[in-house]
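Undergrad: This is the structure I have questions about; it appears just below.
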Amino acid sequence: MTSASASDTPVVVITGAGGGLGAATAALYSGRGWHVVAADLSAPPGGAGITPVAVDVTDSVSLRALADRVRADHGRLDAVVTFAGILGIGPLAETDPERVQQVLDVNVMGTVRTVHAMFDLLRASSGRVVLISSETGPQHGMPMNGAYAMSKHAVEAYGDSLRRELMFLGLDVVLIQPGPFRTGMTASIRRRFQESTLPGSPFAAMAAVMGEMAAGEDDKATDPRVLAEAVWTAGTTARPRHRYAVKWDLGRRLLDHLPVPVVDRALTLALGGRINAKRLELRREAADTLSAADAEVRP
């Protein structure tokens, strides 16, 4: 039940609304008659039916201020969608633990803080929570993607527990599990892999190979508007499913149904040769660079 001062227009808070997926979802909701409070670290572009707000999901004070603004401006909140997130690429053995902590702080605790800050508003309006996970969330972790996989596994567990608590209050919690979509993050994926290892790293060849593979995935990634439609369904349908798997990568889906030892062996066979070849290539490039530098300093 909404407050007496609430407008008849439904309201949704979307975090991470400055990115491709969040922005597409904000545009779809506003185009279909909802008022969107679009939140990101820097306030996203506004528009008809969209209120842009600068919010830091790692800061509870910032999120409480957002909730206070929604309460004052609209008197209701019908849905919250948690797109805010960052990638976590690199070998776990080398990645600075502070970086892993940052990924978990944004992707996991940012989600927790957002729902916590909006809970009273959601409860008053019998609103809905839509959590953005990933196809990585329910799948086994893959090389160079450990921190991100850890975060999305945690979001899945959080979503299940939250759903089984809030269902007794009449509130729905829905998980969205996107496959590869065209976003700013995937567009820069090759560079991110290259920068993820330390100088002289034993993982440099692996990072290069995985970066090339990830960049190739971007060519077949799906339009963000497809995901926005799934989020619309999750946020508005009368009887939502617990989870919506959206355009998963078929190869990853098939691998995840095989026994773990079989997958490990398959990865060794599929990637081992490419990694060894890339390692030799990097060594040749290093040797050529050293020879060229040596030639320059000779009298």
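Undergrad: Taking the range 82-113 as the region of interest, how many residues are within 15 Å of the chain's Cα centre (by Cα) and hydroxyl-bearing (Ser, Thr, Tyr)? Step through it out loud before you land on a result.
TA: In the first step, residues of the range 82-113 are kept if they are within 15 Å of the chain's Cα centre (by Cα); the result is 82-89, 100, 102-112.
Restricting the remaining residues to those that are hydroxyl-bearing (Ser, Thr, Tyr) gives 82, 111.
So the answer is 2.
Undergrad: Here's a follow-up. Hey, any hits in the range 274-289 for a residue that's modelled with pLDDT of 80 or more and either touching a Lys or Arg at 6+ places or on another chain (Cβ under 7 Å) or open to solvent by less than 40 Å² (accessible area, probe 1.4 Å) (or both)?
TA: Yes, the range 274-289 has at least one match.
Undergrad: Across the range 166-180, which residue is surrounded by the fewest Cβ atoms within 10 Å (Cβ to Cβ) among those that are closer than 15 Å to Gly127 by Cβ and not aliphatic (A, V, I, L, M)? Write out each step before concluding.
TA: Our first condition is that a residue be closer than 15 Å to Gly127 by Cβ; within the range 166-180, this holds for 166-167, 169-174.
With not aliphatic (A, V, I, L, M) added as a condition, the list becomes 170, 172.
Values: Gly170: 8, Asp172: 21.
In this case the residue turns out to be Gly170.
Undergrad: Something else about it: Against the condition free of Cβ contacts under 8 Å to residues at least 60 places away in the same chain, under 16 Å from Leu121 (Cα atoms) and charged (D, E, K, R), how does Asp78 come out, does it pass?
TA: On the way: free of Cβ contacts under 8 Å to residues at least 60 places away in the same chain: no; under 16 Å from Leu121 (Cα atoms): yes; charged (D, E, K, R): yes.
The answer is no for Asp78.
Undergrad: Filter the range 42-51 down to residues that are buried (at least 19 other Cβ atoms within 10 Å of the Cβ) and within 15 Å of Gly19 (Cα to Cα), then give me how many there are.
TA: Initial filter on the range 42-51 (buried (at least 19 other Cβ atoms within 10 Å of the Cβ)): 44, 50-51.
This time we only want the ones that are within 15 Å of Gly19 (Cα to Cα), so: 44, 50.
Count: 2.
Undergrad: Only one of Leu122, Leu131 is in contact with a strand residue (DSSP E or B) (Cβ under 9 Å, 6 or more places away or on another chain), open to solvent by less than 10 Å² (accessible area, probe 1.4 Å) and not in a helix (DSSP H, G or I); which? Show your work before the answer.
TA: Details: Leu122 fails: not in a helix (DSSP H, G or I).
The unique qualifying residue is Leu131.
Undergrad: I need the full set of residues from the range 156-178 which are over 16 Å from Gly85 (Cα atoms), out of contact with any strand residue (DSSP E or B) (no Cβ under 6 Å at 6 or more places or on another chain) and outside any loop (DSSP other than H, G, I, E, B), in order please.
TA: First, pick out the residues of the range 156-178 that are over 16 Å from Gly85 (Cα atoms): 157, 160-174.
Among the residues that remain, those that are also out of contact with any strand residue (DSSP E or B) (no Cβ under 6 Å at 6 or more places or on another chain) are: 157, 160-161, 164-165, 167-171.
If the condition is that a residue be over 16 Å from Gly85 (Cα atoms), out of contact with any strand residue (DSSP E or B) (no Cβ under 6 Å at 6 or more places or on another chain) and outside any loop (DSSP other than H, G, I, E, B), then Ala157, Asp160, Ser161, Arg164, Glu165, Met167, Phe168, Leu169 are the ones that fit.
Undergrad: While we're looking at this one, here's another question. Being of a type in the set (A, V, I, L, M, F, W, C) and surrounded by fewer than 19 Cβ atoms within 10 Å (Cβ to Cβ) narrows it down to one residue among Ala84, Ala65; which is it?
TA: Of Ala84, Ala65, the one residue that is of a type in the set (A, V, I, L, M, F, W, C) and surrounded by fewer than 19 Cβ atoms within 10 Å (Cβ to Cβ) is Ala65.
Undergrad: Considering only residues that are at pLDDT below 90, farther than 25 Å from Leu28 by Cβ and not hydrophobic (A, V, I, L, M, F, W, C), look in the range 201-227 and name the one that is least open to solvent (accessible area, probe 1.4 Å).
TA: Gly211
The values are calculated or read from the model by the stated rules, or taken from the named source; none is laboratory data. Nothing here was measured: the structure is a model prediction, and the numbers come from that model. Cβ coordinates were reconstructed from backbone atoms using ideal geometry, including for glycine residues, and neighbour counts include every protein chain displayed. With ligands, DNA and RNA removed, areas are computed over all heavy atoms of the protein, side chains included. Shrake-Rupley method; radii C 1.70, N 1.55, O 1.52, S 1.80 Å.
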